[in-house]
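Report on the structure given below.
The values are calculated or read from the model by the stated rules, or taken from the named source; none is laboratory data. Just so it is clear, the structure is predicted and the values come from calculations on it, not from any experiment. Cβ coordinates were reconstructed from backbone atoms using ideal geometry, including for glycine residues, and neighbour counts include every protein chain displayed.
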Amino acid sequence: MSIRVGMVCPYSLSIPGGVQAQVLGLARELRRSGHEVRVLGPCDGPPPEAFVTPLGDSLPTAANGSVAPLAPDPAAALRTVRALRDERFDVVHVHEPLAPGPSLTTVTLHAAPTVGTFHAAGGSTSYRMLGPVLRRLLERIDRKVVVSKDALALVQGHLGGEYEMLFNGVETTHIAEVEPYRDPLGRNSIFFLGRHEERKGLDVLLGALRHCDRDVVCWVAGDGPDTARLRREYAADDRIEWLGRVTEDDKLARMRGASVFCAPSLHGESFGVVLIEAMAAGTPVVASALDGYRNVATHDVDAVLVPPGDVEALAAALGQVLHDPSTGERLVAAGHRRADRFAMRRLADEYVTRYRELAP
């Protein structure tokens with residue numbers, strides 16, 4: 001029996017991000033399985049999919065050591081209320097349920113049985129300062145899910161409550177079908193994808209690049225508050241290609257064609273879904289040994305993990321993968337097996353089970 005699901009995202013769906021990718025990917029998988037899914041969320045520009053209902057523009061908002069594209073304004077709240085009442089969903093699935101904007105509005109309204117998925121890890125000023133209010137709102141979420149033990153530690157540590165743990169999913173079949181983009185000059189390529197800010201560690205990667213061979217290119221996707229400074233500082237290094245924001249298809253094509261995918265984050269990672277995407281793309285992974293990344297990667301099995309912020313260790317790891325074919329082949333083979341465990345089709349099945357338990 002088909003279920004009519006309203007899926008709510010607090011972050012702008014037209015801006016790349018981990019939660020946005022989970023929302024859209026899960027919605028696509030559920031729709032492929034025959035369920036009716038409508039995604040509600042802010043959009044800065046045209047909606048990325050026909051099944052998205054835009055709720056207005058986002059406002060850059062400080063959150064978790066980063067800047068999140070949230071929509072906490074009254075206009076977005078009114079659009080959210082109207083959409084929830086008009087659509088009459090069987091189940092509402094809210095991502096980051098306590099984030100200001102559409103998610104918090106949805107939980108407060110409780111227009112249908114509600115599943116809430118918590119993604120964030122690290123620290124939360126709002127959880128700490130608004131604990132009593134947020135604890136009352138938690139009671140309006142019928143099934144509470146966290147994506148990792150780090151996300152569990154954050155929300156449970158501040159607000160208490162009982163939670164189930166489900167993984168983040170990856171559209172493994174789609175990724176494997178993307179045509180790889182390779183360097184036109186035949187050079188080895190390192191791919192970085194992320195916001196250009198301190199916690200993502202791009203500065204560490206570019207420092208490590210100074211210790212790498214000349215015959216390598218570093219593709220840097222994304223932008224952020226550190227972009228201008230880093231471009232000035234590394235202007236003399238013609239091995240760096242600054243791509244800016246890339247589309248999902250461009251991201252996957254680069255990921256498929258790269259010699260190594262590098263995630264040098266320093267902190268604040270709840271779940272390493274981007275590592276799983278790289279594994280599904282058949283690309284060796286070099287990343288920081290963060291707890292969030294250890295949720296999905298094992299050192300010297302399906303990835304090479306190095307101490308966060310260690311420029312020399314990162315350079316050595318990149319050199320090992322780039323120059324030892326057997327290492328790369330071993331990581332890729334193990335990575336494919338690992339990625340299959342996080343296939344979006346499996347995650348969709350898990351959520352459908354929970355939806356059916358709640359749907360009237």
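Observations
- Members of region 324-356 found to be part of a helix (DSSP H, G or I), surrounded by 16 or more Cβ atoms within 10 Å (Cβ to Cβ) and of a type in the set (Gly, Ala, Ser), listed by number: Gly328, Ala334, Gly335, Ala339, Ala348
- Looking only at region 245-265, and only at residues there that are basic (Lys, Arg) and in contact with a helix residue (DSSP H, G or I) (Cβ under 9 Å, 6 or more places away or on another chain), the one that is nearest to Ser326 (Cα to Cα): Arg256
- Taking region 223-263 as the range and being in a loop (DSSP other than H, G, I, E, B), free of Cβ contacts under 8 Å to residues at least 12 places away in the same chain and farther than 25 Å from Ala280 by Cβ as the test, the residues that pass are Ala235, Ala236, Asp238.
- In the set (1) surrounded by fewer than 16 Cβ atoms within 10 Å (Cβ to Cβ); (2) assigned to a loop (DSSP other than H, G, I, E, B), Arg135 fails one condition alone, (2).
- Yes/no for Arg79 being surrounded by fewer than 24 Cβ atoms within 10 Å (Cβ to Cβ), in contact with a Gly (Cβ under 8 Å, 6 or more places away or on another chain), part of a strand (DSSP E or B) and of a type outside the set (A, V, I, L, M): no
- Single residue of region 99-110 satisfying the filter (in a loop (DSSP other than H, G, I, E, B) and touching a residue at least 40 places away in the same chain (Cβ under 8 Å)) that is surrounded by the most Cβ atoms within 10 Å (Cβ to Cβ): Gly101
- Qualifying residue in region 209-217 (condition: within 19 Å of the chain's Cα centre (by Cα) and surrounded by 16 or more Cβ atoms within 10 Å (Cβ to Cβ)): no
- Remark: Leu318 falls outside the filter, which requires a residue to be farther than 30 Å from Gly6 by Cβ, in the same structural domain as Leu193 (by TED's automatic domain parsing), part of a strand (DSSP E or B) and touching a helix residue (DSSP H, G or I) at 6+ places or on another chain (Cβ under 9 Å).
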